[in-house]
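What follows is calculated from the coordinates using simple rules that are stated; it is not laboratory data. Computed from a prediction, not measured in an experiment: that's the story for all the values here. Cβ: placed from backbone, ideal geometry, glycine included. Neighbour counts: every protein chain shown.
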Amino acid sequence: MSSDTGNLEPDDLETRVAAGDPFVLFGEWLDLASAKEPNDPNAMALATAGTDGLPDVRMVLLKGFDENGFVFYTNTQSQKGGELAENMQAAGVLHWKSLRRQVRFRGPAEFVTTEEADAYFASRPRDSRIGAWASQQSRPLESRFALEKAVARYAARFAIGEVPRPDHWTGYRIRPLYIEFWMDRPFRLHDRHIFRRERPEGGWVTERFYP
């Protein structure tokens with residue numbers, strides 16, 4: 001089976017891993033995915049678990065990353081927000097089918113700063129900001145009409161001026177202790193390169209896993 005892995009060949013991957021900075025490598029892969037993927041190259045499967053230990057997973061959008069970790073935004077009163085309140089750890093995976101690559105990571109989570117949350121919320125379309133007020137995310141909804149009434153009510157409330165960020169809406173940063181870069185290879189003999197560290201502030205060690 002052949003694979004289309006974009007412009008990065010396996011030997012290049014080895015070189016990037018040896019350089020020791022997973023966030024630089026991730027940025028290169030995300031840039032390539034942004035040029036190749038038809039929709040949402042930043043779509044990320046997010047896994048959380050509450051105190052019952054039962055895993056839960058859903059798709060969200062990765063909204064930022066740097067050397068401190070990977071950022072997404074949500075309603076803190078949602079199902080994922082409740083699980084994170086009980087167990088402030090999470091895992092994520094981005095899979096780019098057109099490139100036959102994926103990156104997965106896991107680690108402790110923390111809230112972004114108020115300034116970060118305010119800035120990102122202000123960058124969203126106005127209707128999305130109103131929707132953040134109207135939606136009681138992950139809670140029972142009696143009808144679509146009830147949601148539409150809530151949207152209309154908040155649209156009227158914020159008819160003039162800016163739509164402020166609700167207190168229950170913010171961002172989380174996953175600070176990875178483990179990052180895995182996976183690249184498709186023929187006959188399912190895939191490349192798997194691992195970055196590990198003991199704590200979020202620590203240095204990385206790298207290793208290679210069997211497929």
> Which angle from 0 to 90°, rounded to the nearest 10, does the C-alpha axis of helix 10-19 make with the longest principal axis of the chain?
Replying inline: 70
> How far, in nm, would the chain grow between Val60 and Lys36 when pulled straight, counting 0.36 nm per residue and subtracting the alpha carbon separation?
Replying inline: 6.7 nm
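Would you compute, from DSSP H runs of 4+ residues alone, the mean residue ellipticity of the chain at 222 nm, taking -39500 (n - 2.57) per run and dividing by the full residue count, rounded to the nearest 500?
Mean residue ellipticity, 222 nm, calculated: -9500 deg cm²/dmol.
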>> Between Phe111 and Ile160, what is 0.36 nm times their sequence separation minus the Cα-Cα distance? Round to one decimal in nm.
In response: 14.7 nm
> Suppose every K and R has +1 on its Cβ and every D and E has -1 on its Cβ; what is the size of the dipole of the chain about the Cα centre, in Debye to the nearest 20?
Replying inline: 700
> If each of Asp118 and Gln79 carries a label point 7 Å out from its Cα toward its Cβ, how far apart are those two points in nm?
Replying inline: 3.3
>> Output needed: percent of Cα pairs per 10 Å distance bin for the stretch 9-74, bins running from 0 to the one holding the longest distance.
In response: 17, 39, 31, 12, 1
> So what is the relative contact order for the stretch 68-211, in percent, with contacts set as C-alpha pairs under 8 Å and at least six apart?
Replying inline: 31
>> Taking 8 Å as the Cα distance limit and 6 or more residues as the minimum spacing, I'd like the relative contact order of the stretch 1-121 as a percentage.
In response: 24
> Dividing the convex hull volume of the Cα atoms of the stretch 52-162 by its residue count, what figure in Å³ per residue is obtained?
Replying inline: 154
